[in-house]
Amino acid sequence: MIEEDKIKYKGKKGIPAMDANEAKIGKTGTWRIFKPVIHEEKCIKCRRCWLFCPDNAITIDKNGYPKINYEICKGCGICSNVCPVKTIEMVRDLHEED
Amino acid sequence: MKKTVMDGNMAAAHAVKLCDVKVVPNFPITPQTEFIETLAKWKVNGMWNGEFLDLEGEHSVMSAAVASEACGVRTFTASSSQGTLYMHEIMYVASGMRLPIVMLNASRGLSAPITLWTDHNDILAMRDAGWLIFFTQNNQEVLDTIIQAYKISEDEQVLLPSLINMEGFIQSYTREPVEIPDYKKVRRFLPKYKPHTVLDPKNPMCLGIGAMGKDYMEFRSQEHKAQLNAIKKIKEVGKEFGKIFGRKYNIIEKYRTDDADFVFVTTGAMSTTVKEAVNYLREKNKKVGLLRLRTYRPFPEKDIQKALENSKKIAVIDNNIAPGFGGIIYPEVRSALYGNKALISDFIVGLGGTRTGLKTFLEIYQKMSKDKKSKKYWLL
């Protein structure tokens, strides 16, 4: 809590404007109810999950396995649905890490 | 200095020309039409060379104003009544993106029942939109306030849009002598516009980004701080304007309040009639004064407290109505004066342009002089 008088005016820095390349909406992962978990032992590195993710939340690591960015992933479940070997499991997310 | 006879709409058009405004998106509505007619005529005659955009409705007008200001171009627009309400949604975008647009509102009562005449419900509906809201008492002030508003709005300490109100018909269609300031002097007072953000395809920027939770609250607090900063800026700019053009402005106007026991608190053009009432009562040795609020947002709370610290009776004149409570300015003045022992009463007058004259205010004085308790009155 802060007294009104003590809030600092930040001038131009207090304007909701930024370079278009950096502009992002923040941690949308907090909206998630179900969380995709990849079990790598069955993964065949086909990259279908990476291709279908509507939020670019999946990247491929140097060993070729998909990795999920849980700060962005909203838990839509598309990756789990398109996985040909059904190795992406949707588990209820309790957001314990937040 | 030479004076020209003109109405409020034309005074605003002159201000647009003097401020070197480059874009005016517009949609006509009585009683603001003459502003558009004047600018359209000038555009055809080559007397003003900005972009004059005819759009399909006020929602688009405000959207175009946001877009052009975001491209770094000085923008102006004008509307009234239902038109201003139709802009309402985008007005929050303009202030949230901190774009210093200036707009004129020729106030007119809201429908239904439909009227063309003035009251302040349209402009006061914009209370929380984050815009600076100015009231003017005559056509000269319309011209002067628009010039000042650009300087205030574009200041880094403020960066918020401004809404300038004049009374529909009473100012917008009534001709008065107005002094048009020298163009070069205005250019010196109001330098070229330096935008904080420019939308340019070569250097892509994102304005009005998503901000969830805490970030949202942070930006809103910055907007509020900017409004508070404007109080100081309005006073500074008003003083500077006075030095250059000879007409000084403050955030409030005190008229014979120094030793006054009874003070009227007003906004807008009816203040000039109240001044007549004050003079009349002063001749009868009554200690009466007037406090005119020049801005409604930011609300000059401390200035009101100081100006009214010794008053015994305060009559707040509300040319508006919030159904279910009463006047809109009344609760704000009363809350600013919390702890003050003065009697504060509310008078709802002149809705939909109902005639208010010297008699109205003398009646208010007589009624309230006898009162022992705060009351709410309607001058039906």
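The values are calculated or read from the model by the stated rules, or taken from the named source; none is laboratory data. A quick note: this is a predicted structure, and the numbers were derived from the prediction, not measured. Methodologically, a virtual Cβ is constructed for each residue, glycine included, from the backbone with ideal geometry; neighbour enumeration extends over all protein chains shown.
Structure data summary
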{"quantity": "Among (1) in contact with a Lys or Arg (Cβ under 6 Å, 6 or more places away or on another chain); (2) among the aromatic types (Phe, Trp, Tyr); (3) within 12 Å of chain A (Cβ to nearest Cβ) - the single one B:Phe262 does not satisfy", "calculated": "(3)"}
{"quantity": "Residues satisfying the stated conditions in segment B:188-212, i.e. more than 27 Å from the chain's Cα centre (by Cα) and among the basic types (Lys, Arg)", "calculated": "B:Lys202"}
{"quantity": "Residues satisfying the stated conditions in segment B:192-205, i.e. facing another protein chain (nearest Cβ under 8 Å), under 29 Å from A:Lys6 (Cα atoms) and not polar (S, T, N, Q)", "calculated": "B:His196"}
{"quantity": "B:Thr360 being among the polar types (S, T, N, Q), surrounded by 15 or more Cβ atoms within 10 Å (Cβ to Cβ) and within 21 Å of the chain's Cα centre (by Cα)", "calculated": "no"}
{"quantity": "Evaluation of A:Ile72 against (1) in contact (Cβ under 8 Å) with a residue 40 or more places away in the chain; (2) in contact with a Leu (Cβ under 8 Å, 6 or more places away or on another chain) (one fails), failing number", "calculated": "(2)"}
{"quantity": "Hey, B:Glu276 touching a residue at least 40 places away in the same chain (Cβ under 8 Å) and surrounded by fewer than 19 Cβ atoms within 10 Å (Cβ to Cβ) or not", "calculated": "yes"}
{"quantity": "Residue match in segment B:325-334 (condition: surrounded by fewer than 16 Cβ atoms within 10 Å (Cβ to Cβ) and either outside the structural domain of B:Thr145 (by TED's automatic domain parsing) or not small (Gly, Ala, Ser) (or both))", "calculated": "yes"}
{"quantity": "Failed item in (1) in contact (Cβ under 8 Å) with a residue 60 or more places away in the chain; (2) within 14 Å of another protein chain (Cβ to nearest Cβ); (3) of a type outside the set (A, V, I, L, M), with B:Tyr216 passing the rest", "calculated": "(1)"}
{"quantity": "Strands (runs of 3 or more DSSP E) completely within segment B:148-249 that count 2 or more residues being closer than 27 Å to B:Ala70 by Cβ and in the same structural domain as B:Ser68 (by TED's automatic domain parsing)", "calculated": "B:162-167, B:205-207"}
{"quantity": "Candidate set: segment B:129-187, residues that are of a type in the set (S, T, N, Q) and over 20 Å from B:Glu240 (Cβ atoms); chosen: the one nearest to the chain's Cα centre (by Cα)", "calculated": "B:Asn165"}
{"quantity": "Count of residues meeting criterion [touching a residue at least 60 places away in the same chain (Cβ under 8 Å), more than 14 Å from chain A (Cβ to nearest Cβ) and of a type in the set (A, V, I, L, M, F, W, C)] in segment B:70-103", "calculated": "7"}
{"quantity": "A:Asn56 being part of a loop (DSSP other than H, G, I, E, B), out of contact with any helix residue (DSSP H, G or I) (no Cβ under 6 Å at 6 or more places or on another chain) and at positive phi", "calculated": "yes"}
{"quantity": "Qualifying residue in segment B:167-189 (condition: within 14 Å of chain A (Cβ to nearest Cβ) and among the hydrophobic types (A, V, I, L, M, F, W, C))", "calculated": "no"}
{"quantity": "Residues within segment B:274-312 that are farther than 14 Å from B:Asn250 by Cβ and under 18 Å from the mean Cα position of the chain (by Cα), tallied", "calculated": "4"}
{"quantity": "Residue selected from segment A:62-98 under the condition at pLDDT below 95 and acidic (Asp, Glu), by the criterion surrounded by the most Cβ atoms within 10 Å (Cβ to Cβ)", "calculated": "A:Asp93"}
